[in-house]
1. Just add up the charged neighbours of residue 567: K/R +1, D/E -1, any other residue whose Cβ is under 13 Å from the Cβ of residue 567.
2. Just to be sure I understand the model, the point goes 7 Å from the Cα along the line to the Cβ. What's the resulting residue 527 to residue 219 distance in nm?
3. Where Lys and Arg each count +1 and Asp and Glu each count -1, what net charge lies around residue 221 among other residues with Cβ under 9 Å from its Cβ?
4. What number, in percent, do you get for the relative contact order of the chain if the mean sequence gap of Cα pairs under 8 Å and at least 6 apart is divided by its residue count?
5. Just grab the label-to-label distance for residue 630 and residue 566, each label 7 Å out from Cα along the Cβ direction, in nm (one decimal).
6. Once you put a point 7 Å from the Cα of residue 62 and another 7 Å from the Cα of residue 204, both along the Cβ direction, what distance in nm separates them?
7. Which residue, chosen from 512, 553, 572, occupies the Cα position most advanced towards the positive end of the dipole of region 512-640, where the dipole is computed from +1 (Lys, Arg) and -1 (Asp, Glu) charges on Cβ about the Cα centre?
8. Say R0 is 45 Å: what FRET efficiency, to the nearest 0.05, do residue 395 and residue 187 get from their beta-carbon distance?
Amino acid sequence: MAGKKETHQLKTEVQQMLDLIINSLYSHQEIFLRELISNASDAIDRLRFKAQLEPDILGEDTEFNIKIASDGIKNTLTVSDNGIGMTYDEIMENIGTIAKSGTAGFMEAIAHLNDKSVVSPELIGQFGVGFYSAFIVAEKVTLISRAADSETATCWTSTGDGTYTIEEAARDARGTTVILDLKKKEKSEPDFTDELTIRQIVKRHSDFVNYPIVMDVERDEPIPENEQLKDEAGKTIGKTSRKVMRETLNSMKAIWTKDKKDVSADEYEEFYKHLSHDWNAPMTHLHLKFEGTTEYDALLYIPSQAPFDLFNPDMKHGVHLYCKRIFIMDNCRELVPEYFRFIRGVVDAPDLNLNISREILQQDRLVRNIRRNLVKKIFEHLEAMKSETYMTFWNQFGQVLKSGIYTDPENRKKIADLARYRTTRTEDKLISFKDYLEHMQPDQKEIYYLTGDDMTALIDSPLLERLKEKGYEVLLMSDPVDEWVVQALDEYDGKPLKSAEKGDIDLPQVDAEKQNAYAPLFGFIKSKLQDKVKDVKPSIRLKDSLACLSGDSHDPSAYMEKLLKAAGRQPPQSKRVLELNPDHPALDYFRKLYEKDRNLPALTDYSELLLDMAVIGEGGKPENPARFSKLVGELMAEALK
């Protein structure tokens, strides 16, 4: 592209995202500097890591720094680094395209917001679109970058109007420079060329960056007396002179290496914000030092709110791996299991091989040991939480944590101890399995549960009527992951888990006389519904309702079938059992009508109606809603007549 200047269109999604950032984050303008500094820090991290394998790549430039320069007259602000830099192709790939910028995840998260005009600042860093935050304050952004192994640089320029230009440029050495032509400021707005303003922003958001953030400043310095100039009368003309000095604005404290008693609460909070790009304070943190045959430090945080991409398969893990304060990798999935993927933090293992790859990490004994200890400490921390704090944690991350019951047999009991559920006894309060055991009736042998996607439907389910009457508490499981939880957790503390929907339950059976009286009618109904149900039988579950559907012990639940269909998978072929209440007066009338005239056409309609009522009772939809509505209307007219 030598000497050639090209103009390109920003991708539609990028422009939409850019407009959202500019319009909705205006009240948090200062975050642009945090993001540009963070990008510069990442560029140096990548260079230092590459230098472990290619030492010559550094050349003579081995003093890393991030430089800020401002010009109040030109109204510009510049952030530059001597990191790894980018080639022309890398700039084209990473800026202005949806593939690598994180724009897709950002826009997906925005789509789930109720108020799309209010975008929280943590979204900017979370999806790696921080570069674009420069347009909050700048009318034009110019990026000049030279890759570490390149002789030429590339210049990218845009005014955020939907286009950008890219051309060959000059830069003395490797690294990236971002020049912001700032918008004209209003009276109430901060001046981002002002030294004090820049200092405050760096201190607030970037104090813990590992590299010096430097700025050239002018200072008055005293002039030695023997060098001072005097006028004709002998009076001193000037005692001070203005000099340009380079100052470091950040402390560069690797607080994970310090003793926890030497770190303040504010320092913990600010480091978390720097690390996670989360605008909110963390819920809690763990500062750990492991000593012995192997030594390593860890500083882990639990966010106060679940990130928008918590259930995105491509979500990055939040633990960064260091070795002797040298960054190795982020998104280190080997350090904590999937069900702790919301944890943010740093692990620094001095004995780790700097050249370790992700493939080797999975087999490394030290890494496995670190993971085991971290998981143990996290569990201990959760168990020690105060009740109110823990419930806040559970409401944010419980659904993810529960998945470990299915995926981590070694820690299944610990996760089950931490699980919380609503029940038929405590509809507005979450309880543990241990609490449930304390509530059990003296004659109760099993822990009853019911799964579904609607809490109201679960609470009022006909399947629970006799269990409630008996005083048996039922766990109400309304998260999709609960279907996998109950597959893995077949018992707790010696008490079997039993679905209220499937198989026989420990309730009094219908007496033989009643069974015999209804056997012919049930056989008739079964013959009319043979394509839809496995069997028709008198129910021991129902007290007030007329009908419900149940399954055999090894059949998938109704909720599992629904989940599989929603995922585009065909559930196993199985029919369910239609249970009818022999104590319900409507069934008694049905039986008498059947005994009077077994060929009455309405009997077939009533059989279909019973099935539809059972489906509706569990929150489902009749196969033919129009027909169901017509039959109910006819019955109402007959009853009202």
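Just so it is clear, none of the values below were taken in a lab; they were calculated from the coordinates. Treat the numbers as computed from the prediction; the structure is a model and nothing was measured. Positions of Cβ are backbone-derived with ideal geometry, glycine not excepted, and every protein chain shown enters the neighbour counts.
1. +1
2. 10.2
3. +2
4. About 9 percent, as a whole number.
5. 3.2
6. Result for the modelled spin labels: 3.8 nm.
7. Positive-end residue among those listed: 572.
8. That pair, residue 395 with residue 187, gives E of 0.55.
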